[in-house]
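Heads up: the structure comes next, in structure tokens.
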Amino acid sequence: MNSEEIKQLKTLLGTPKAIVIIPHKNPDGDAIGSTLGLYHYLNLKGHHCKVIAPNDYPDFLKWMPEESSILKYESDTEACDGLIQHAELIFTLDFNSLGRIGDMENVVSEAQAVKIMIDHHQQPDDYAQFMYSDVTMSSTCEMVYNFIDMLNDTDAINADIATCLYAGIMTDTGSFRFPSTTSATHKIIGQLIEKGANNAEIHNQIFDTNSYDRLQLLGRALTNLKVLPEYRTAYISLSQEELNTFNFKKGDTEGFVNYGLSLKGIIFAAIFIENHQDNIIKISLRSKGNFSVNEFSRAHFNGGGHTNAAGGKSELNLKDTIDKFISILPLYKQDLNL
Ligand code: 5GP
Ligand code: MN
């Protein structure tokens, strides 16, 4: 974002506005943290804000300050349509293509509001009048901090804003260990703690609220883990039946894919999760080093994301999806063996 755009945004935000803030479908910690963090900031500045999520999200995110004010498009469509149609500004956070907001796509794309994208994924679409897009950023939450900084307003950051932004930076960096974590990230984290983010408590809320069923499901996932040493690849599958056996709830499989990547020598990991309701196999991909799971997912599984973390989906059944995955690997043999 250049200085002229920042000036224009300062003017736009200089008088109270009706604002809608939107995360992607199946929002994660960064999506909920960034939208709620921005929500607290803009409300503090006198705007009338609403966060509208396309659908529901896991319980381990349902503790952030004013999380209960988030509207869900899937269950409150009419009210959400009205808010979107009458909004003066729409912020879209943690995604860069309107296809990522599911059934909200049409109403948002047709809305009259000025659109502002804040996002760190690759290859952004061109739907927003203001684009703050930076693929080097650890998280959208880090960018929301920078956005407030661009407005010369970090003094306004209170404990609620700090808590939400801390949560999203923590989850998107794998607790500050992914290569996207920079010294700037740590400096911002330091600021957020100073402003009232309680690091131990936030960690506890997100990571130490497992159900017994979830740990048993993890046990099954690890039993199902397969390794393809010639491609330095590991994958996990979970059928709908297995999910049902352990009373699967949204969010229960979060992070499972990383176990494959934790194996010595493995640089590419996948998880395939059967979803009967949507009639798809949801895929999560992770890598280490230069192997781009974003490119892989775009090319073969109708998805995208970042170089080292991406998602996608398949309309084949679980077995055929895995067979397709294995059949593609020889194309990448060189990249996977560097
Ligand atoms: P996850 O595997 O945790 O669902 O997602 C990993 C990363 O890929 C996240 O940044 C997420 O936003 C992105 N991602 C997940 N699924 C999709 C998808 O279907 N399409 C695109 N473009 N990105 C996705
Ligand atoms: Mn993110």
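Listing for the model above:
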item	result
Cβ-Cβ FRET estimate between D278 and E110, R0 fixed at 35 Å, reported to 0.05	0.90
For region 3-207: lysine pairs under 12 Å (alpha-carbon distance), excluding those fewer than 8 apart on one chain	5
Mean Cα-pair separation over length for region 3-207, i.e. relative contact order, pairs under 8 Å, 6 or more apart, %	23
Assigned charges on the beta-carbon of Lys, Arg, Asp, Glu; region 3-207 dipole about Cα centre (debye)	420
Estimated 222 nm signal from helices in the chain, with DSSP H stretches of n ≥ 4 weighted -39500 (n - 2.57), rounded to 500	-11500 deg cm²/dmol
Rough spin-label spacing in nm, given labels placed 7 Å along Cα→Cβ, for D155 and E194	1.4
log₁₀ of I(q)/I(0) at q = 0.18, 0.19, 0.22 Å⁻¹ - region 212-336, Debye sum with one point per alpha carbon	-0.92, -1.02, -1.36
Within the chain, longest stretch clear of exposed trypsin sites (Lys or Arg not before Pro) (DSSP loop, no more than 10 other Cβ within 10 Å)	1-176
Gaussian network model of the chain, Cα within-10 Å springs - most flexible of I322, I84, I21	I322
Angle between the chain longest axis and helix 77-86 axis [Cα atoms, degrees, rounded to 10]	50
Relative contact order (%) - region 150-270, alpha-carbon pairs under 8 angstrom, separation at least six	21
About the Cα centre, charge dipole magnitude for region 114-219 (Lys/Arg +1, Asp/Glu -1 at Cβ), debye	240
Centre separation in Å (Cα based) which lies between region 31-63 and region 184-259	22
Separation between Cα centres of region 260-283 and region 145-178, rounded to whole Å	29
Residues listed by number, region 61-78, amide nitrogen under 14 Å from D103 label point at 7 Å toward C-beta	72-78
Given charges at Cβ of Lys, Arg, Asp, Glu: the chain dipole, positive-most of Y259, A31, Q123	Y259
Antiparallel DSSP beta bridges within the chain, percent to nearest 5	45
Cα gyration tensor, region 288-332 - rounded (a/c under 1.5), prolate or oblate	oblate
Nearest 10 degrees, 0 to 90: helix 212-223 Cα axis against the chain principal axis	50
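Every number here is computed from the coordinates shown, using simple stated rules; none is lab data. Just so you know, these numbers come straight off a predicted model, no measurement behind them. No Cβ is skipped: glycine too gets one built from the backbone with ideal geometry, and neighbour counts run over all protein chains shown.
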